[in-house]
1. If you average 1/r over every pair of different alpha-carbon atoms in the range B:12-73 and take one over that average, what Kirkwood value in Å do you get?
2. Tell me the mean residue ellipticity at 222 nm calculated for chain A from its helices only (DSSP H runs of n ≥ 4, each -39500 (n - 2.57), averaged over every residue, nearest 500).
3. Got a number for the accessible area of B:Thr197? Probe 1.4 Å, square angstrom, nearest 10.
4. At a probe radius of 1.4 Å, figure out the B/A buried accessible area, summed over both chains, and give it in Å² to the nearest 100.
5. Fully extended, how many nm does the chain gain between B:Phe83 and B:Thr2 (0.36 nm per residue separation, minus their Cα-Cα distance)?
6. Against the longest alpha carbon principal axis of chain A, how many degrees, from 0 to 90 and to the nearest 10, is the axis of helix A:165-179 turned?
7. Counting trypsin sites (Lys or Arg not before Pro) as exposed when in a DSSP loop with at most 11 other beta carbons within 10 Å, what is the longest stretch of chain A free of them?
8. Say each of B:Trp25 and B:Ala224 gets a label point 7 Å from the Cα, pointing the same way as Cα to Cβ; how far apart are those two points in nm?
Amino acid sequence: MHVARLIAITWWFQLKQSTKAGIFVFTAIIEPLIFATLAYYLFKAGKQPGTLLYAALSAGLMGIWSATLFGAGGAINYQRWQGVLEPLIAAPPPYLLVLFPQTLAASTIGVYSLTSTLLWGRAVFGIPLHFVHPVAFLLAVAVTIVALGVLGLVLGSSFILYREANALSNMLEFPVWIVTGAIVPLSLLPGWVHYLSWGLAPTWGYRAIRAGALGGNPWPGIGWALALAAVYLLIGEAILRVFERRAREKATLSLV
Amino acid sequence: MTSLRIFFVGGLTSYRALFNWLTPWILIPSFLIAPLFQILLFAYIGRTTHLESDRFYVIGNALQYAAVPCLFAMGNTIGGERFQHTLPLVLTTPAGRLPLFIGRSVPVIANGFVVSGFALVTGSALLGVHVPISAVAPLVLVAAVTAFSCTGLGLCNAALGLRVRETAVTSNILFGFLLVFCGVNVPLSSLPAWMSTIAEGLPLTHGIAAARQLAGGAGLGKVAGLVGAELLIGCIYVVGGYALLRLMEIESRRRGTLEIA
């Protein structure tokens with residue numbers, strides 16, 4: 001009960017805090033709208049109007065990743081800058097239970113991206129929003145958010161030793177869009193990239209979301225995303241334990 | 001003589017001191033690797049939509065990526081100074097504002113040029129895009145002119161930094177605006193008329209168009225008009241940005257908001 005309360009309160013607090021920051025509003029809403037507009041004109045100019053919902057959806061999925069990447073990747077550094085990293089690690093609950101809701105809040109911000117790009121597509125470009133499996137679509141979105149939150153935990157934990165996490169976040173935004181098939185079909189990418197794609201939960205989450213919206217079977221994607229999230233949780237927990245101990249030993253926790 | 005010293009030494013010192021980009025941990029991911037993935041992303045989208053060739057996306061995105069240093073660095077000339085509490089000190093000195101602000105833009109132009117050049121060369125190599133040898137020198141000129149005009153817009157962004165606290169947000173918005181409007185990934189003919197009309201007045205548009213023609217085999221003489229237009233637009237933005245900076249400085253002094261935006 002205490003654990004559930006801790007997770008819920010930290011998640012809600014982080015969510016409220018993030019929505020107040022201009023850079024998160026940009027990442028979650030404005031940037032996805034820029035990419036939704038670009039995707040719309042690219043697909044329209046390419047004479048593929050049947051794929052316009054695909055374009056709007058893709059821009060939203062890209063936004064979910066960006067929100068996770070910048071929120072989760074920088075989570076530990078933000079705590080450093082605010083001077084609360086040491087007290088949080090010294091507090092009785094395991095640090096994992098503090099960091100995970102924060103990274104989950106970061107991926108939850110991505111819901112803004114998806115909602116804004118779909119509404120933008122409807123209002124500005126007149127794209128009809130007809131979802132083939134609306135319930136499965138919503139479930140797929142929820143599972144993808146959770147899976148990305150756990151992936152964010154792995155990222156956030158890894159970045160504990162890398163002080164320039166924001167630069168790494170900048171670098172990782174586009175590659176993951178490509179590798180997970182957020183907007184480009186995986187079949188167009190070289191064969192070796194597919195192995196990377198299969199190990200990334202967003203690939204399966206995006207696949208499930210698309211199947212829920214455009215047609216197809218969303219359940220394998222949902223299942224794989226959940227399974228990979230469980231694996232990420234174990235990896236994140238292990239990495240966090242090792243890196244936290246190393247940072248304590250070297251007394252580098254609060255060094256920016 | 002003092003003005004020259006402020007222009008060159010002050011500009012270089014500001015670049016080194018404020019941008020915090022001179023560590024390879026930031027410089028390499030942000031300036032060398034990120035643009036390559038932007039090129040790859042749009043080249044693959046282009047292949048999906050069957051809209052344009054890889055060359056179209058390599059050139060468009062390589063030149064457009066100069067906007068990252070040009071916008072962010074110029075924004076940081078104000079935002080960084082404020083963060084380090086040196087902005088009021090700089091603005092209370094009797095130093096001429098022209099060498100002070102314009103001097104800070106010279107290293108930024110060089111930075112933008114290098115980023116574009118690297119992205120152009122490596123992007124072309126990655127995607128197997130062939131550019132004629134005869135086009136290399138004119139492309140260098142076009143990349144330099146484009147970086148200059150983009151820095152002009154960066155000066156306007158720096159001026160906004162005197163009123164807006166988060167210059168990273170304004171820089172990102174301007175970067176996205178250029179990405180959509182300037183024909184970087186969508187041909188201007190495929191954009192609505194009002195968008196392509198706006199694009200005519202933005203940095204990058206003419207430079208990218210010129211670079212595409214050069215890579216397609218056209219001579220420098222054929223694209224001289226486009227290069228001239230890009231240069232003219234750059235000059236207009238530099239003058240406009242400088243005027244805006246002075247105006248915002250006076251306003252900030254009047255309101256007492258130099259340190260708080």
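1. 13.0 Å
2. -25500 deg cm²/dmol
3. Approximately 100 Å² of B:Thr197 is accessible to the 1.4 Å probe.
4. The contact between A and B buries close to 2800 Å².
5. Fully extending the segment from B:Phe83 to B:Thr2 adds 26.5 nm.
6. Tilt relative to chain A: about 30 degrees.
7. A:48-256
8. Taking the simple label geometry, B:Trp25 and B:Ala224 are separated by 5.1 nm.
The values are calculated or read from the model by the stated rules, or taken from the named source; none is laboratory data. Everything quoted here is computed from the prediction, not taken from an experiment. Don't worry about glycine lacking a Cβ; one is built from the backbone with ideal geometry, like all the others, and counts go over all protein chains shown. Accessible surface is based on the protein model in full, side chains and every heavy atom, while ligands, DNA and RNA are left aside. Shrake-Rupley method; radii C 1.70, N 1.55, O 1.52, S 1.80 Å.
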